[in-house]
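Please read the structure below before turning to the comments.
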Amino acid sequence: MSNLKEILKKQTICKSVWFMRQAGRYLPEFRTIRTQNQNFINLCLDSKLSSEITLQPIKRFNLDSAIIFSDILMVPYALNQKVEFTINLGPVLEEFNLKKFLNNDDISFTQKLHPVYKAIQITREKLNEKKSLIGFIGAPWTLLIYILGLKQRKKKINYNKIKAKEFEVDLILDKLSDYLCIHIENQINAGADVIQIFDSWAGLIPPEALPNFCYAPNLKIVNFCKERKIPVICFPKGLNKNYKEFNNIVKPDALNLDYEVDPVWAKQNLVDVILQGGPDPKLLLYSEQETFKGVKKYLDVFKDIPYIFNLGHGLLPETDPDKVSKLISFYREY
């Protein structure tokens, strides 16, 4: 089995498997650590524990890749915006201050995230050389949603606030892109050999604004990765059929499908790219028969093209680890 980096570079039919949030709340060994470390940001900044958590699913399952245990909101944290994770509420960021944001510099940003890079270095040293180590970032638009506190409901944002501050928003996105490229380079230098870009709230962008808020920022970062010869996977969640335009413009090495994208449509319309994921994570909460039936639909469609087995979003906290193990075996035997 080639590692993920080689699969992405060669665009081979060879298969690979890993999961988003494979290191996380569904694992009892993670919950043990988490109960003893209530501050999530501090946990991400504990290099040894972060590396240990990253390797937990690798030790437990037959996976091809590790993804570093961190969070996309470590970037706003490193740009001096206070970030807190509250139970049942999720992340809460302090009110945005443009002057404070613009007063950041590359050196202090890198210093604040040094423990993350140290965790990558430790993990790379402990990881089997045949397994890839994935670094990641949140896309500029998705980070903007959190930074400006724009979320109102699950699928609704205060878009009027964006329209009222277009110049400021463009400035923030541009600066974010610069810092995200620094973050990527530092992860690569520490030992990451694949980068995934999470644009988790891409689906909240009005169609007419996609070029400015989604395509252009992702393209800039994808090109940055390509210049450094590092394979890059994009996950513009919620774009539906605009996945096609995204792929044609941004041209990543791989595209992670969310569970609302029809796999047959994806195979027909998303060309010259490796496909990843697709199945709904909720499938793992059903009976084994229902789980395998739902997953087999994707495997049947993608059996003759380059495909990385993953899901259409991260593993859910209530997922049974044994079900994950059985799913991996099912995939390997398929």
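The values are calculated or read from the model by the stated rules, or taken from the named source; none is laboratory data. Keep in mind the model is a prediction, meaning the values are calculated, not measured. Quick reminder, even Gly has a Cβ in these numbers, built from the backbone with ideal geometry, and neighbours come from all protein chains shown.
Annotation note: Cβ proximity below 7 Å between a residue of segment 9-22 that is within 23 Å of His313 (Cα to Cα) and assigned to a loop (DSSP other than H, G, I, E, B) and a residue that is at pLDDT below 90 and of a type outside the set (A, V, I, L, M) (sequence gap 6+ or interchain) occurs for Cys14/Ser2.
Let's see how each residue does on (1) under 17 Å from Pro57 (Cα atoms); (2) part of a strand (DSSP E or B); (3) hydroxyl-bearing (Ser, Thr, Tyr):
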{"residue": "Lys267", "(1), (2), (3)": "no, no, no"}
{"residue": "Leu275", "(1), (2), (3)": "no, yes, no"}
{"residue": "Thr291", "(1), (2), (3)": "no, no, yes"}
{"residue": "Leu311", "(1), (2), (3)": "yes, no, no"}
{"residue": "Glu318", "(1), (2), (3)": "yes, no, no"}
{"residue": "Asp322", "(1), (2), (3)": "yes, no, no"}
{"residue": "Lys326", "(1), (2), (3)": "yes, no, no"}
{"residue": "Ser329", "(1), (2), (3)": "yes, no, yes"}
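Flag set for Leu270, criterion: surrounded by 15 or more Cβ atoms within 10 Å (Cβ to Cβ) and without any contact (Cβ under 8 Å) to a residue 40 or more places away in the chain.
What are the pairs with Cβ atoms under 6 angstrom where one residue, in segment 170-193, is within 10 Å of Pro140 (Cα to Cα) and the other, located anywhere, is of a type in the set (A, V, I, L, M) and outside any helix (DSSP H, G or I)? Sequence gap at least six, or different chains. Matching pairs, first to second residue: Leu180/Ile137. Can you confirm whether segment 76-84 contains a residue that is under 25 Å from Glu29 (Cβ atoms), of a type in the set (D, E, K, R) and modelled with pLDDT of 95 or more? No - not one qualifying residue is present in segment 76-84.
Hey, could you check segment 293-309 for residues that are of a type in the set (A, V, I, L, M, F, W, C) and in a helix (DSSP H, G or I) and say which is farthest from Met20 (Cα to Cα)? If you could, list the steps in order and put the result at the bottom.
Taking segment 293-309 and keeping what is of a type in the set (A, V, I, L, M, F, W, C), we get 295, 299, 301-302, 305, 308-309.
Remaining after also requiring in a helix (DSSP H, G or I): 295, 299, 301-302.
Values: Val295: 16, Leu299: 18, Val301: 21, Phe302: 19 Å.
If we take residues in segment 293-309 being of a type in the set (A, V, I, L, M, F, W, C) and in a helix (DSSP H, G or I), then Val301 is farthest from Met20 (Cα to Cα).
Taking segment 59-91 as the range and being exposed (fewer than 13 other Cβ atoms within 10 Å of the Cβ) and not hydroxyl-bearing (Ser, Thr, Tyr) as the test, the residues that pass are Lys59, Asn62, Lys82, Ile87, Asn88, Leu89, Gly90. Does any residue of segment 236-251 turn out to be aliphatic (A, V, I, L, M), in a helix (DSSP H, G or I), over 21 Å from Arg21 (Cβ atoms) and within 22 Å of the chain's Cα centre (by Cα)? Yes, segment 236-251 has at least one match.
Just to confirm my filter: which helices (runs of 4 or more DSSP H) fall fully inside segment 135-209 and include at least 3 residues that are surrounded by 18 or more Cβ atoms within 10 Å (Cβ to Cβ) and in contact with a strand residue (DSSP E or B) (Cβ under 6 Å, 6 or more places away or on another chain)? Answer list for segment 135-209: 166-190. When Glu95 is tested against (1) at negative phi; (2) part of a loop (DSSP other than H, G, I, E, B); (3) surrounded by 13 or more Cβ atoms within 10 Å (Cβ to Cβ), exactly one condition is not met: (3).
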